[in-house]
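Visitor: To start, I am sharing the structure in question, which I have written as structure tokens.
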Amino acid sequence: MRKSWDNSGAAETVARRSAPLVPVPVNLSIGGVTIAPATVLAPMAGVTDTVFRRFIRNLGGCGLIMTEFTSADGVLRKKDQKAKRYLHFYEDEHPISAQLFGSDPQVMAEAARMVEGLGFDLVDLNLGCPAKKVVKCNGGSGLLRDLPAIGRIFEAVRAAVTIPFTVKFRAGWSDDEIVCVELARMAESCGLAAVALHARTREQGYSGQARWEWIAAIKDAVKIPVIGNGDIRTPEDACAMVTQTGCDAVMIGRMAPSNPWIFRQIEQYCTEQKLYDEPTEADRYQMIRTYFSMLIEEELPDAVGKMKQFASWFTHGVPGGAALRKAIYESKSAVDILGRVEEFFEARLCGAGVLARQAV
Ligand SMILES: Cc1cc2nc3c(=O)[nH]c(=O)nc-3n(C[C@H](O)[C@H](O)[C@H](O)COP(=O)(O)O)c2cc1C
């Protein structure tokens, strides 16, 4: 994950930040569903399960959460427990959107109906996934080269459900095949309630800079809400994206696992005279302990793997984090990992007297 966040666009980032900043809107209506504030946790396979989503919700500042992308075929297969697990959510997750991928309009429509029946507030179509496995079956970004096929899915799903239907896409397959403006117009004319753009091409993967000018281009082209996505790492970035593109909401992906406070920070930054809290070490401890305890409680089959993955994102920049990561990687059980985390932070924080002061 780190490799995609190189410094090649540093000068551009500085330039982006020099404009006077417009705050992220306090709310947004997508087909009658209120999103407040206008911030969205990006769908991330392997990350945005029910535990992570509720964890982000509880920290505050995130207006909309989304499931991991889920196969429409899988949802309809009675025995596909994995797909069913992806669509499991709790009451305190509202408003929540279910993201589906697939290429058959009737299957997509049927799966969307199921999503509506499960109580989701919105259903979203994934046209961004670059994974070969998905593209090979014409799903995700594979469809970006076949706009008529996308049109058929739009029509079928729109007719199948009454909840708002949205789409998240990349700008096109490659720099020579940019379709985002045409695609956004088509979404609008087919009755979709909003569009979200990850401003990269499929060919780019996660490399280089997100091209926010494409977000501005679709904002100019349609009246339905436009959600901007790509390379937001700070509250300043979120406001810079709104300033430069006029987008109606911002969506944040990779930054969320390494700084889960980012949504709250954006809210503070936009409402409290451009200031926001930086988490203390005690906050970080509390956060990781809470998240790991939630994972254990939920009894997810891959809790240990998730803890290891999360620890590696989250402990970058924590003094002594490498030793903690090593201890976690060597652990065999979720309870053992939680114990290692407690040991690590308590030794550090008690030594510094921080725990006593902050009453953690
Ligand atoms: C681990 C990982 C999993 C992802 N899974 C999905 C997914 O299931 N559906 C989707 O639309 N995008 C997915 N994405 C893309 C993100 O939603 C987002 O568009 C991308 O990371 C750019 O935003 P960011 O710069 O804020 O990270 C994933 C990204 C990552 C890093």
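Visitor: From the list I56, I30, pick out the single residue that is more than 28 Å from E213 (Cβ to Cβ) and at pLDDT 95 or above.
Guide: Going through I56, I30 in turn, the sole match is I56.
Visitor: Listed residues Q99, Q81; which is in contact (Cβ under 8 Å) with a residue 24 or more places away in the chain and of a type in the set (S, T, N, Q)?
Guide: Checking each option against the conditions leaves just Q99.
Visitor: While we're looking at this one, here's another question. In this structure, is R325 at pLDDT 85 or above and charged (D, E, K, R)?
Guide: Spelling it out, R325 is indeed at pLDDT 85 or above and charged (D, E, K, R).
Visitor: Here's a follow-up. Name, by its number, the condition in (1) assigned by TED's automatic domain parsing to the domain that holds D237; (2) at positive phi that does not hold for M251.
Guide: (2) is the only condition that M251 fails.
Visitor: Do we have Y86 as assigned by TED's automatic domain parsing to the domain that holds K133 and more than 15 Å from the ligand (Cβ to nearest atom) here?
Guide: No.
Visitor: Can you work out which of the residues in region 105-150 that are at pLDDT 95 or above, charged (D, E, K, R) and open to solvent by 10 Å² or more (accessible area, probe 1.4 Å) is nearest to the ligand (Cβ to nearest atom)?
Guide: The selected residue is D121.
Visitor: Follow-up. Identify, please: which residue in region 246-264 is open to solvent by 20 Å² or more (accessible area, probe 1.4 Å) and under 17 Å from the mean Cα position of the chain (by Cα) and is, among those, farthest from F314 (Cα to Cα)?
Guide: For region 246-264, the residue satisfying everything is D248.
Visitor: Kindly provide the set of residues from region 278-293 that are open to solvent by 30 Å² or more (accessible area, probe 1.4 Å) and either hydroxyl-bearing (S, T, Y) or part of a helix (DSSP H, G or I) (or both), ordered by number.
Guide: T280, E281, D283, R284, Q286, R289, T290, S293, listed by residue number.
Visitor: Further, regarding this structure: Regarding E267, is this residue in the same structural domain as T162 (by TED's automatic domain parsing), out of contact with any strand residue (DSSP E or B) (no Cβ under 8 Å at 6 or more places or on another chain) and either of a type outside the set (K, R) or surrounded by fewer than 24 Cβ atoms within 10 Å (Cβ to Cβ) (or both)?
Guide: Taking the combined requirement at face value, the residue does not satisfy it.
Visitor: Report whether or not I35 is buried (at least 20 other Cβ atoms within 10 Å of the Cβ) and either away from the ligand (no atom under 16 Å from the Cβ) or in the same structural domain as L295 (by TED's automatic domain parsing) (or both).
Guide: yes
Visitor: Scanning for something over 23 Å from E278 (Cβ atoms), crowded, with 17+ Cβ neighbours inside 10 Å and touching a Lys or Arg at 6+ places or on another chain (Cβ under 8 Å), does region 52-60 turn up at least one residue?
Guide: No, region 52-60 contains no residue that is over 23 Å from E278 (Cβ atoms), crowded, with 17+ Cβ neighbours inside 10 Å and touching a Lys or Arg at 6+ places or on another chain (Cβ under 8 Å).
Visitor: Count, please, the residues in region 78-123 that happen to be of a type in the set (D, E), part of a loop (DSSP other than H, G, I, E, B) and within 25 Å of P225 (Cα to Cα).
Guide: Adding up the residues that qualify gives 1.
Visitor: So which of V47, V75 is at pLDDT below 95, touching a helix residue (DSSP H, G or I) at 6+ places or on another chain (Cβ under 8 Å) and within 20 Å of Q309 (Cα to Cα)?
Guide: Selected residue: V47, the only one of V47, V75 that is at pLDDT below 95, touching a helix residue (DSSP H, G or I) at 6+ places or on another chain (Cβ under 8 Å) and within 20 Å of Q309 (Cα to Cα).
The values are calculated or read from the model by the stated rules, or taken from the named source; none is laboratory data. The shown structure was predicted, so the numbers you read here are calculated from the model rather than taken from an experiment. Because the Cβ atoms are built from the backbone with ideal geometry, glycine has one as well, and the counts that use them run over all protein chains shown. All accessible areas refer to the heavy atoms of the entire protein, side chains included, with ligands and DNA or RNA removed. Shrake-Rupley method; radii C 1.70, N 1.55, O 1.52, S 1.80 Å.
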